[in-house]
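Colleague: Here it is: the structure, laid out below.
Readers should treat all values here as calculations from the given coordinates under stated rules, not as data from a laboratory. Worth saying up front: this structure is predicted, and the values here are computed from it rather than measured. No Cβ is skipped: glycine too gets one built from the backbone with ideal geometry, and neighbour counts run over all protein chains shown.
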Amino acid sequence: MKDLQSRVLSGLGADWDSTRSPWDGLMRLYEADREAFYLLACDGLSDDGDELSKPLADLAQEVRSAVRDTYRIEQQTGSGEAIIKTRSGASLSVPSPLVARVKQFLLEIDGKGSSDRSGKDYEGRPVSEAEVRFKLGEPSGRERDQARARARCEVRPVVFRIHDEDLRSLQTLPPYVTYGLTKCAKKTLLAPTMVYRGLNRGSRAPQRLRDGWAVCGKPSRAYDNDGRAAGSPPGMLYMVFADTAGYVFDWDWVREDPESPGHPLNVELRFGNPVQESRELVLDLPDTVEPGQFDATKPALSWTGDCVFCYMSDAPSFGERINHDLSVFYSLGDPATITGFKIKNVQRILSEEQILNIKDAPGLNVLIRAILRNTLREHQDITIKLYDIIIAAWVNVKISLPAPAPEYSDPPAVMC
């Protein structure tokens with residue numbers, strides 16, 4: 001059998017030269033001789049190699065570390081390259097012309113590649129020992145991972161719940177919202193792609209929200225208003241939001257960052273730092289959660305999330321953050337169509353506007369105009385057109401201001 005260096009050079013081909021990017025060479029080697037790639041990534045070269053093989057060996061081992069450590073890809077403005085940043089802080093440069101290929105390459109060697117073909121769950125292919133070592137680690141490392149997994153199973157899970165008033169509000173929201181809670185939100189918490197602690201709502205948001213949870217996942221199904229399942233929307237993640245005590249108040253499809261699989265767009269604007277949560281996350285819901293009858297004239301207030309939800313349409317949608325005070329829902333079937341919105345920081349906005357005595361205000365657009373005027377002053381980059389659409393949607397909506405926020409006696413989020 002050829003030694004590894006000879007296999008690497010053979011996989012590169014006679015036309016390869018050292019002036020080309022090692023990324024290009026590594027992907028060429030992977031296509032020509034996968035086992036040689038995996039051996040190079042796991043073991044490196046027995047000697048220093050030559051000017052052709054040594055850069056590939058160094059990069060292959062760094063790629064293995066990045067894949068096992070989890071990573072994100074950040075495009076660098078004006079520099080002509082992208083940076084792969086790992087959870088541990090290491091970074092790798094990628095020339096801009098190769099970014100799309102490198103992204104697909106990393107997904108494939110990590111076992112996360114995509115295909116347009118119909119899948120069959122009983123199909124597979126033989127794998128070499130080197131590929132197993134690349135993906136699962138060395139035997140001693142696997143033993144450590146298994147020990148950590150056993151320890152995790154022995155740790156009490158983090159239990160997320162939902163307050164009764166938030167459950168009652170589901171009775172007038174689009175039915176797909178309820179199915180999203182009972183199906184997509186549950187699966188997201190059980191298999192998160194990323195967990196963040198801290199919701200960026202501004203310095204005057206309640207502390208329980210500033211320290212709250214944002215959990216991302218990729219459930220394989222989405223649900224319509226009849227509870228029928230369909231494939232998950234392409235380019236989307238599901239997100240579950242909860243306060244620091246684990247009380248869930250919002251759950252939505254959101255756009256996935258194409259440069260950082262498993263992360264949503266605008267992470268830095270929306271959330272605090274990602275955390276490595278070793279405990280199992282579960283959603284504890286009553287057995288009787290059922291969708292109600294959609295009523296576009298009845299917005300839903302969540303004291304838990306300090307926000308108001310308004311749906312103009314029951315078309316299944318995804319959420320998009322506009323600023324600290326506003327998120328907008330767009331139709332999954334037609335992303336140009338606004339289906340509703342969420343106003344956040346309601347207690348702060350009402351307090352600043354001193355609108356405390358309105359009861360069953362005709363049209364409620366008076367109240368909403370005040371809220372949006374305040375938001376617009378703070379965020380002048382948002383177009384008036386969007387606000388005009390939203391204000392118009394509230395013309396026929398009526399709501400009575402609720403009593404002050406209840407004083408919850410929150411039990412700990414960890415199940416005893």
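Colleague: Could I have the simple spin-label model distance between Leu285 and Leu269, label points 7 Å from Cα toward Cβ, reported in nm to one decimal?
Modeller: 3.0
Colleague: Now a separate question. Quick one: order Ser317, Ser331, Ser93 by neighbouring beta-carbon count within 10 Å, fewest to most. Walk me through the numbers before you get to the answer.
Modeller: Values: Ser317 25, Ser331 16, Ser93 13.
Result, fewest neighbours first: Ser93, Ser331, Ser317.
Colleague: Would you mind getting the Kirkwood hydrodynamic radius of the stretch 28-71 from its Cα pairs, rounded to one decimal in Å?
Modeller: Values: mean 1/r = 0.0938 Å⁻¹.
Computed over the stretch 28-71, the radius equals 10.7 Å.
Colleague: A further question follows. Looking at this model, which pairs from Lys85/Lys344; Lys103/Lys344; Lys85/Lys183; Lys183/Lys342 are more than 29 angstrom apart at the alpha-carbon? Please report the intermediate quantities before stating the final value.
Modeller: On the way: Lys85/Lys344 32 Å; Lys103/Lys344 35 Å; Lys85/Lys183 33 Å; Lys183/Lys342 22 Å.
Among Lys85/Lys344; Lys103/Lys344; Lys85/Lys183; Lys183/Lys342, the Cα-Cα distance tops 29 Å for Lys85/Lys344; Lys103/Lys344; Lys85/Lys183.
Colleague: Tell me whether the stretch 267-326 comes out rounded, prolate or oblate; compute the Cα gyration tensor, take square roots of the eigenvalues as a ≥ b ≥ c, and use a/c under 1.5 as the rounded threshold.
Modeller: Working: a/c = 2.28, a/b = 1.26, b/c = 1.81.
Oblate, because a/c is 1.5 or more while a/b does not exceed b/c.
Colleague: Go ahead and run the numbers for FRET between Thr77 and Ala230, Cβ-Cβ distance against an R0 of 41 Å, rounding to 0.05.
Modeller: Working: r = 37 Å, r/R0 = 0.90.
The computed FRET efficiency comes out at 0.65.
Colleague: Taking amide H positions as placed 1.01 Å from N in the peptide plane, with prolines and chain starts having none, which residues 5 or more places from Gly198, or on another chain, fall under 5 Å of its amide H?
Modeller: For Gly198, whose amide H was placed from the backbone, the distant partners under 5 Å are Gly212, Trp213, Ala214, Gly272.
Colleague: What whole number of Å gives the distance from the Cα centroid of the stretch 21-42 to the Cα centroid of the stretch 228-268?
Modeller: 34
Colleague: Could you work out how far the C-alpha centroid of the stretch 53-105 sits from that of the stretch 164-200, in angstrom?
Modeller: Each part's Cα centre sits 34 Å from the other's.
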